[in-house]
Amino acid sequence: MSDSVTAFAPASIGNVGVGFDMLGLALSGAGDRVSARRTDSDSVTVAEVRGLDGEIHPYLSTNAKENTASIAAQALWDAHGGEGGIELKVYKGVPLQSGMGSSAASAVAATVAVNALLDSPLALEELLLFALEGEKYASGGMHTDNVAPSLFGGLILSPEVLLPEIIRLPTPKGVSVVLLHPDLQVNTAHARRLLPKSISMKLWLDQQGLLAGFIHACASDDIELIGKTLRDVVIEPHRKGNVVCFEEVVTAAYKAGALGSTLAGSGPSIFALCKDNDARNVASAMEQACRGVGIGCQSWVSAMTAPGARIED
Ligand code: HSE
């Protein structure tokens with residue numbers, strides 16, 4: 001057993017439009033890395049947090065009680081750790097407050113790294129609830145729609161009512177995901193507090209139908225049905241106003257051939273599903289629309305089968 005390991009965990013798209021708090025999709029091309037090392041101390045500490053530029057991160061804390069990586073690592077270490085403690089180094093590749101599952105990626109990478117240092121590492125499925133401890137701290141909610149896809153990869157259904165069970169859903173052939181991250185920030189905990197506490201039976205039924213139809217469409221490679229069902233009639237109306245480029249970007253995505261497009265998690269990122277061949281055009285149309293309203297941005301194109309967290313060394 002090595003004394004030090006590094007794990008990578010990918011960014012992810014929470015909700016995937018149709019499944020608030022229960023459906024999530026891993027994204028390739030962006031993610032966080034966490035290095036973990038066993039120490040003689042009796043605690044879990046964070047030695048440093050660095051950004052993509054290699055510099056010390058300007059905003060994230062090394063206070064172990066305030067970092068999603070160490071909170072998740074501590075939960076796992078408390079339950080299964082041996083003698084001594086753990087020192088973490090966190091390398092952020094996912095932008096903060098982006099709707100790309102930034103807090104989840106750190107929590108998942110830390111959990112996977114620390115697991116590899118245990119005398120008897122747990123199975124991947126057993127790590128979910130530990131990683132979730134970090135996410136709970138960050139967003140104030142018990143939702144796994146970022147943690148689960150970041151841990152397992154692909155498209156995951158993980159409603160709270162079924163936890164710790166998760167369901168790996170089949171992904172449709174020939175469909176890619178485009179994610180556009182505008183240079184804006186949305187605090188997930190704040191965005192959650194702004195949601196209504198209850199909704200009408202009509203809205204609930206409509207969204208249930210869309211979620212069920214979307215899952216069937218993915219399983220049966222039904223591109224047309226994906227286009228009909230990728231809609232959020234419950235949450236999007238309350239959140240799109242937080243993202244000033246929302247209408248322009250989504251309209252551009254549809255015009256370029258997207259099957260559906262809505263907020264990633266609580267935003268500000270916006271994702272679209274589209275046929276593989278349309279993905280580059282959709283990404284560039286979304287970027288142009290975003291820059292057209294004066295907001296800088298970055299986009300990623302990913303398969304819907306992006307892998308989950310892994311040990312790197
Ligand atoms: N399901 C959460 C929300 C995810 O929408 O509040 C945030 O990324």
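To put it simply, the accessible area of the chain at a 1.4 Å probe is 51 percent carbon and sulfur. Computed from Cα positions, the angle between helix 279-292 and the longest principal axis of the chain comes to roughly 90 degrees. Residue-wise HN-Hα couplings along segment 242-247, as the Karplus relation 6.51 cos²θ - 1.76 cosθ + 1.60 with θ = phi - 60° gives them from phi, are 6, 10, 5, 9, 3, 4 Hz; Gly and Pro carry x.
Here Arg168 sits with roughly 130 square angstrom of accessible surface, probe radius 1.4 Å.
Of the residues Met22, Met286, ranked by 1.4 Å probe accessible area with the largest first, the sequence reads Met22, Met286. Loop-located GluC sites (Glu not before Pro) in segment 115-178 (DSSP state not H, G, I, E or B) with no more than 13 neighbouring Cβ atoms inside 10 Å: Glu165. Classify segment 175-303 as rounded, prolate or oblate, taking a ≥ b ≥ c as the square roots of the eigenvalues of its Cα gyration tensor: rounded when a/c is under 1.5, otherwise prolate if a/b is larger than b/c and oblate if not. Cα axes put segment 175-303 in the oblate bin. Backbone N atoms of segment 194-229 closer than 19 Å to the 7 Å Cα→Cβ label point of Tyr254 belong to residues 207, 210-211, 214, 223-229.
Segment 168-239 and segment 58-114 have their alpha-carbon centroids 28 Å apart.
Can you work out the accessible area per residue across segment 175-303, with the rest of the protein chains kept in place, probe 1.4 Å, in square angstrom?
Accessible surface, normalised per residue, equals 46 Å².
Given the -39500 (n - 2.57) contribution per DSSP H run of 4+ residues, what per-residue ellipticity at 222 nm results for the chain, rounded to the nearest 500 deg cm²/dmol?
-10500 deg cm²/dmol
Computed over protein heavy atoms with a 1.4 Å probe, the accessible surface of segment 4-169 works out to 36 Å² per residue.
Which GluC sites (Glu not before Pro) does segment 1-106 hold that lie in a coil by DSSP with at most 13 other beta carbons within 10 Å?
Glu55, Glu66, Glu83
Taking the DSSP beta bridges in the chain as the whole, what percent of them are antiparallel, to the nearest 5? Of those bridges, close to 90 percent are antiparallel.
Rounded, prolate or oblate for segment 190-247? Axes are the square roots of the Cα gyration tensor eigenvalues, ordered a ≥ b ≥ c, and the cut-off for rounded is a/c under 1.5. Taking the square roots of the gyration eigenvalues as a ≥ b ≥ c, segment 190-247 is oblate. I'd like the orientation of helix 201-219 relative to the chain: the angle between its Cα long axis and the longest Cα principal axis, in ° from 0 to 90, rounded to 10. It works out to around 80 degrees.
Which of the three applies to the chain, rounded, prolate or oblate, going by the alpha-carbon gyration tensor with a ≥ b ≥ c and a/c under 1.5 meaning rounded?
Details: a/c = 1.84, a/b = 1.61, b/c = 1.14.
Taking the square roots of the gyration eigenvalues as a ≥ b ≥ c, the chain is prolate.
The values are calculated or read from the model by the stated rules, or taken from the named source; none is laboratory data. The structure presented is a predicted model; accordingly, all values stated were derived computationally and were not measured. Neighbour counts are summed over all protein chains in view; Cβ atoms, including those assigned to glycine, are modelled from backbone coordinates with ideal geometry. The area values use the complete protein model at the heavy-atom level, side chains included, leaving out ligands, DNA and RNA. Shrake-Rupley method; radii C 1.70, N 1.55, O 1.52, S 1.80 Å.
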